[in-house]
Number of protein chains: 4
Amino acid sequence: MSELFDPVFGTDAVVAATDDRAWLRALCAVEMALARASARVGLIDPDDASVVVHAAAELADSDPAELGRRAAAGGNPVIPIVVLLRERVGPDAAAAVHLGATSQDILDTALVLISRRALAVIHGDVTACADAAAELAKTHRGTPMAGRTLLQRAEPTTFGALAAVWGAGLDRAAGRLDAVDVSLPAQLGGAAGTLAAWHPDGFDMAAAFADELDLPEPDGVWHSERTRIAELASALGIVGVAVRKVAADIVLLAQTELGEVREDAPGGSSSMPHKQNPIAAVTARAGTDRVPALVATLLGGTHELQRPAGAWHAEWPTLMALLRAAGGAAARLRTSLTGLRVDTEAMARNLEPLDAKATGHAEDLVDRYLAGRRR
Amino acid sequence: MSELFDPVFGTDAVVAATDDRAWLRALCAVEMALARASARVGLIDPDDASVVVHAAAELADSDPAELGRRAAAGGNPVIPIVVLLRERVGPDAAAAVHLGATSQDILDTALVLISRRALAVIHGDVTACADAAAELAKTHRGTPMAGRTLLQRAEPTTFGALAAVWGAGLDRAAGRLDAVDVSLPAQLGGAAGTLAAWHPDGFDMAAAFADELDLPEPDGVWHSERTRIAELASALGIVGVAVRKVAADIVLLAQTELGEVREDAPGGSSSMPHKQNPIAAVTARAGTDRVPALVATLLGGTHELQRPAGAWHAEWPTLMALLRAAGGAAARLRTSLTGLRVDTEAMARNLEPLDAKATGHAEDLVDRYLAGRRR
Amino acid sequence: MSELFDPVFGTDAVVAATDDRAWLRALCAVEMALARASARVGLIDPDDASVVVHAAAELADSDPAELGRRAAAGGNPVIPIVVLLRERVGPDAAAAVHLGATSQDILDTALVLISRRALAVIHGDVTACADAAAELAKTHRGTPMAGRTLLQRAEPTTFGALAAVWGAGLDRAAGRLDAVDVSLPAQLGGAAGTLAAWHPDGFDMAAAFADELDLPEPDGVWHSERTRIAELASALGIVGVAVRKVAADIVLLAQTELGEVREDAPGGSSSMPHKQNPIAAVTARAGTDRVPALVATLLGGTHELQRPAGAWHAEWPTLMALLRAAGGAAARLRTSLTGLRVDTEAMARNLEPLDAKATGHAEDLVDRYLAGRRR
Amino acid sequence: MSELFDPVFGTDAVVAATDDRAWLRALCAVEMALARASARVGLIDPDDASVVVHAAAELADSDPAELGRRAAAGGNPVIPIVVLLRERVGPDAAAAVHLGATSQDILDTALVLISRRALAVIHGDVTACADAAAELAKTHRGTPMAGRTLLQRAEPTTFGALAAVWGAGLDRAAGRLDAVDVSLPAQLGGAAGTLAAWHPDGFDMAAAFADELDLPEPDGVWHSERTRIAELASALGIVGVAVRKVAADIVLLAQTELGEVREDAPGGSSSMPHKQNPIAAVTARAGTDRVPALVATLLGGTHELQRPAGAWHAEWPTLMALLRAAGGAAARLRTSLTGLRVDTEAMARNLEPLDAKATGHAEDLVDRYLAGRRR
């Protein structure tokens, strides 16, 4: 998180969903849900649960830096949260705090809450991009332009056909986000991932816990089975692919010598007032350039036995960085696409040297794409 | 491809589906399908199509090295294939060769054919791994062992519960492969991705072409819209995650000081006859270590405008390496898992210092996992 | 940057050298140096330079968030800094602000200042780790332990010999940091990297500018020639390799069943009071797990023509994340290594089943390593 | 290795230095050197050494596929090589085979031999590229062209100044290769990396062994201390950075709308005879796109304790792929650069709209760069 650089990369909205304050609230919300679920299942007294919920709600607004300092010793912020909650609720309700759970239950579930909120923001930007591309495809269904392969002028196409390709990729990326969203459940396993502390009520606890948070119930304990995280990472990787394609095309078409598109609020320069940099597309590209490696880190962890010795910890900053990079890129592309000015004359001029053919099929491709969207 | 090293990494079967010979056959099969489809749609004479098909069938068995040498000048092997086919069919049928298509149509479609064959091999190994894990979960549903978190002894669990975690990841990986398989269509766009050369029969051509190859019909031209390739890469990345988890656990449980599992054909050493290396798991791990970065490369390409200037070319060796690394790892894990010897006494011995609790919930988790599989 | 998570990953000290406030100060310091150098070379009036320096000093303590918001439009924070400085110095001195420079001159030079400060912190931690390893090698030169290959017990060695291997890697990593530090020069090129605005005093300006900042003078303009950044990234990658090796070994040797080392302040658990997690090593590992992919991002940028359209922007967050991940890992390992408790009895016990041979050569290796360090 | 695709990526020469046959010869050469060194140090009879050398020389020309099949069981090809050598030399000399060594000694040393040969090839291509860039800088020292930032026309520069930037990066990359080359020593450690089997002659053996292969003597055992491999990988990563910069610029300047450079043997198209693809630069770029992730894999291994359980194995295919990708890219760029046609009229035409300034400083930069090269 950087107040100086985040706005450049469009990460503001995702940062708000993933920053220290969001984390602290999510962690406390999960402890609250655990207490409420414990009471529902009859493992703790409802009054004790209320005391815990109240204390957690207060803690949710405390100073993240103070908690961070206390977190180093044990290696995660849940440990000091539990200590503080037990202190605050007093000896009678202390046993009702964090009952049966392990740090990873709380942190993984908070990670899911935070990821889902961030995904909602990202999904909004990706679909807005897709809609803008579809609009361009419709408007420029028959606008002739030069097709370029290996960056050499090739044969005629229409700008609408290119925008349809943009839109198809963005729609597929949005579809992957939809699929991932439903697959991220709560986590509840206890110390060794056996639900032992709640036996024989483990499954009831897990169901109540997930229900309190409005999350899918897990079909097993996934402390060290991280294909879900891999799917989340992959979906963000696919957002990166779809966004980079469009952003790179805009940067290329906006080159001075082509001049076929430009952004409605191009960036200036500290040294050259005449510059018209397609800065939203440029920074969208920059965001997508960071995505693949972050995905690779999340695909590369070794999650040993019941809970891993490092790979889990590495997920937190990596996933936050990935949500911000992919989300920021989508937000910047949204700015670029929704304000894109198309210079149809420049397109015609650049097309001229080609033996212009009918572009009927380019238009058919647009129609098929638009019809596919309506389904 | 390396005859010296591939067997170590279990890549033999995938290599056979992805090597030069497989590529040459796939490329020629696609040219055949194009000719047949052109005849079906009425764009060329059926006799000319037969001549092309015959010539392509012959070329499919020629020397890949010779074609490789001729491929350098144009940057892909389709260009010399087309030249050779036109030479061989003679001037009358020459126009029936590669009609309307661009190199990328042929190569992408061949890439899809090859990927689907390789995926079938990989799917077989992943599901065999999943079945072996399920069998272990069933057999050892109630076999007590020490749960270990951060590699420190934590609380009791059962080996069945761990195997169920393994199986759940492998099942999810197999599920991703299933989903990807159906999403890889034929590619047909022509020079600038507009289907212009076949107008007004472009969609009919694309449908006939896909049908000839028993591939899904594309819903658009994806020359530079590579989310499909990203999804394929991601699915292989998830195979890597699922396989690495199991392989790493086997390596850890096989440590001399734990001795809880061993492979039935452990590897020896060139210097120490007493060594019992869990070599199948070790080399499976090695394979999965290569996967994330290869996925990142495929997620990182910039596919400019109608067809890209480099990112497409970079896909070929990267995707082949990825199929082989992920597939080989699954094959090696299959060997490890299907011959895994479990030392229940060692498990009991290592568990001893813990205050043994009932492991009833570990067993419930196994039951739920097995029931979920049967659905 | 995260106050909640950074302490867990030991990144506090590096964060202080790389956070928004450090950036804002560095950017303003570079504008000051530019004004002073311009006056030295005689391009601006010394009084105007003083006015600029004073204004920049004030701006250095302003709110980064406000600047961040203004930075989005142009794509980097230098643009609003220049606007604000010109406003603040008034019309007479406005021309003395940012004279001849481009945003990238300022930002790259600030990046160098910040990187060098962060490298100093990281170097301190890596050499402290190396010294601790050397101390362990000396103390345990003859302490017998089991050598383990592929995690199987192999033949005897001494703990000193293992610590010497640790130390050798850490020393090499420190050496790479030394080499990189001297290779990072100031950046001064102007709008198109030709020094045109200062002609014919361009080289004098670059020399004076670098001198003002106590930086090496550049031997050319490196706006889009980023091998220096690649070398910086690689050196941090090598820190990651050296740190990960040691951290992973500590985690393995600390396993309950081996018990050969433990940290002096092991981490607890929110659910299991008996746990003794080697948490400093675990979080060091987690930090190093993030390093390779961040290096890859920095090696992967396409820096087009005179200044790139995205790859430069992507460097900022990536390099900051890399400095923090690598530096934090070194800091955590320092904690782990300097407090490492060695259980020589456990080492002897685990060694027992082996046909113990003389470990004379292991001791010779320690001696050679220690002698090499003294040179 | 692919006979069909390697020529496209320019990897032919590196492949010849790194293929199965090269590996088999290198592995056998190392066993020969070990026998000779053992005789020199007096550990085996010189006649037995001769028998081993003879047998190894014969084995060097055998079928790699057969050895590959036998290698799977133990996880590396050295194990069957030792078995075969012992069979072939007969019972009397069998003890003289592989005396005291472990598989990793042989394989790591062969890896060094192979890497150094491949590096020589790559170095040749990188310096040829650098020389070609220097030649262009000299010739076009004063050829005016438009400088472009963020792909927008910015201010004038000269083509020589751009070529000087290209050359500076290539020179730095060549310098990194030089530095790495001298840092790759022989490997000799024995079973647990203690040189125990040769005690008290271990250091003499290591020196004699390295001397036989004309390799630097190791200053320690680096079985699991892989900073050397990381440095090798990084140097290749930096080659990728330098090559990608130039290749990407050529692709951009060759765009139809700019037309400022073209290759002397541009690639055609299977569908468009008029295409003039800068195919050498395009495929050079494709090669460099694969580099960063391969570097990341080599920076990411966990090399546990005395010898690792997977990370070592993963190095072999990854390093071979990296040498080929980086080396092939350099070879393709050499082709592109040495035949580059510069259209000075197009450069002048594209520059026209700019308020042309003196480009004196661009020329000074060329002079400084050329002077720096001569030193």
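Across the protein assembly as shown, the convex hull enclosing all Cα atoms gives 159 Å³ per residue. Taking the axis that rotates chain D onto chain B, the chain D residue nearest to it by Cβ, with the distance rounded to whole Å, is D:Ala293, 2. With the biggest extent put first, the Cα atoms of segment B:228-375 measure 65, 47, 26 Å across the principal axes.
Under the criterion of Cα pairs below 8 Å and six or more residues apart, the relative contact order for chain A equals 22 percent. How far, in degrees from 0 to 90, does helix A:279-299 lean away from the longest principal axis of the Cα atoms of chain A, to the nearest 10? Between helix and principal axis, roughly 40 degrees. Would you calculate the separation in nanometres between label points at C:Ala65 and D:Arg375, each defined as 7 Å from the Cα along the Cα-to-beta-carbon direction? With each label point 7 Å from Cα toward Cβ, the separation is 4.9 nm. Reducing segment B:217-241 and segment D:299-375 to their Cα centroids gives an inter-centroid distance of 30 Å. Which shape class, rounded, prolate or oblate, goes with segment C:245-330 when its Cα gyration tensor gives a ≥ b ≥ c as root eigenvalues, a/c under 1.5 marks rounded, and past that a/b bigger than b/c marks prolate? It comes out prolate by the Cα gyration axes.
Between copies, D:Arg349 shows label-point distances of 1.3, 8.4, 8.4 nm, shortest first, with the point placed 7 angstrom from Cα along Cα to C-beta. For segment D:174-186, backbone phi angles converted through the Karplus equation (6.51, -1.76, 1.60; θ = phi - 60°) give residue-by-residue couplings of 4, x, 5, 4, 4, 5, 5, 3, 6, 9, 9, x, 5 Hz, Gly and Pro being listed as x. Please find, in a Gaussian network model of chain B (springs between Cα atoms separated by less than 10 Å), the residue of B:Val295, B:Val239, B:Val82 whose mean-square fluctuation is greatest. Most flexible of the set in this elastic network: B:Val82. What separates the B:Ala120 label point from its copies, with the point 7 Å along Cα to Cβ, is 4.5, 4.6, 6.5 nm, written shortest first. Here the accessible area is traced with a 1.4 Å probe on the protein chains. For the protein assembly as shown, carbon and sulfur cover 49 percent of it. Considering only D:Ser224, D:Ser50, D:Ser271, the mean-square fluctuation computed in a Gaussian network model of chain D, springs between alpha carbons under 10 angstrom, is largest for D:Ser271.
Site pair C:Glu135 and A:Arg21 shows an inter-label distance of 4.3 nm when each label is modelled 7 Å from Cα along Cα→Cβ. Computing Rg and the Kirkwood Rh from the Cα coordinates of segment C:163-237 gives a ratio, Rg/Rh, of 1.16.
Sorted shortest first, the separations between the D:Arg374 label point and its copies elsewhere in the assembly read 4.8, 7.3, 8.6 nm; each point sits 7 Å from Cα along the Cα-to-Cβ line. Taking every protein chain into account, the accessible area of the protein assembly as shown amounts to 29 square angstrom per residue (probe 1.4 Å).
Summed over both chains, the accessible area lost when D and B associate is about 4600 Å², using a 1.4 Å probe. Contact order, relative form, for segment D:178-217: 46 percent (alpha carbon pairs under 8 Å, 6 or more residues apart, mean separation divided by residue count). Output the 0 to 90 degree angle, nearest 10, between the alpha-carbon long axis of helix B:20-41 and the longest principal axis computed from the alpha carbons of chain B. Taking the Cα atoms of chain B, the angle to B:20-41 is about 50 degrees.
What are the semi-axes of the equivalent ellipsoid of segment C:1-134, taken as the square roots of 5 times the eigenvalues of the Cα gyration tensor, listed largest first and rounded to whole Å?
33, 18, 11
When the C-alpha to C-alpha distance is required to be over 25 Å, the pairs from A:Lys275/D:Lys275; A:Lys138/A:Lys275; B:Lys245/B:Lys275; A:Lys138/D:Lys275; B:Lys138/B:Lys275; A:Lys245/D:Lys245 that qualify are A:Lys275/D:Lys275; A:Lys138/A:Lys275; A:Lys138/D:Lys275; B:Lys138/B:Lys275. Mind checking Rg over Rh on chain C, alpha carbons, Kirkwood formula for Rh? We get a ratio of 1.10 for chain C. For segment A:176-194, there are no residues whose amide N sits under 14 Å from a probe point set 7 Å from the Cα of A:Asp211 along the beta carbon direction. Given a Förster distance of 41 angstrom, what is the FRET efficiency for D:Asp343 paired with A:Thr338, based on the Cβ-Cβ distance and rounded to 0.05? Computed FRET efficiency for D:Asp343 and A:Thr338: 0.60. Taken about its Cα centre, chain B carries a charge dipole of about 1280 debye when Lys and Arg each add +1 at the Cβ and Asp and Glu each add -1 at the Cβ.
Listed values for segment C:140-150 are Karplus-derived 3J(HN,Hα) couplings in whole Hz (6.51 cos²θ - 1.76 cosθ + 1.60, θ = phi - 60°), namely 10, 3, x, 7, x, 8, 6, x, 10, 10, 6, and x replaces Gly and Pro. Residues in segment C:68-78 carry Karplus couplings, in order, of x, 4, 6, 6, 4, 4, x, x, 6, x, 5 Hz; the curve used is 6.51 cos²θ - 1.76 cosθ + 1.60 with θ = phi - 60°, and Gly or Pro positions show x. Rg and Dmax over the alpha-carbon atoms of segment C:112-215 stand at 22.8, 70 Å. Close amide H partners of B:Met145, meaning residues 5 or more places away or on another chain with modelled amide H under 5 Å apart, are B:Thr157, B:Thr158, B:Phe159.
The values are calculated or read from the model by the stated rules, or taken from the named source; none is laboratory data. What you are looking at is a predicted structure, and each value in this text was computed from that prediction instead of being measured. Using ideal geometry, Cβ is built from the backbone for each residue, glycine included, and neighbour counts are taken over all protein chains shown. For the accessible areas, the whole protein counts, side chains as well, though only heavy atoms, and no ligand, DNA or RNA atoms are used. Shrake-Rupley method; radii C 1.70, N 1.55, O 1.52, S 1.80 Å.
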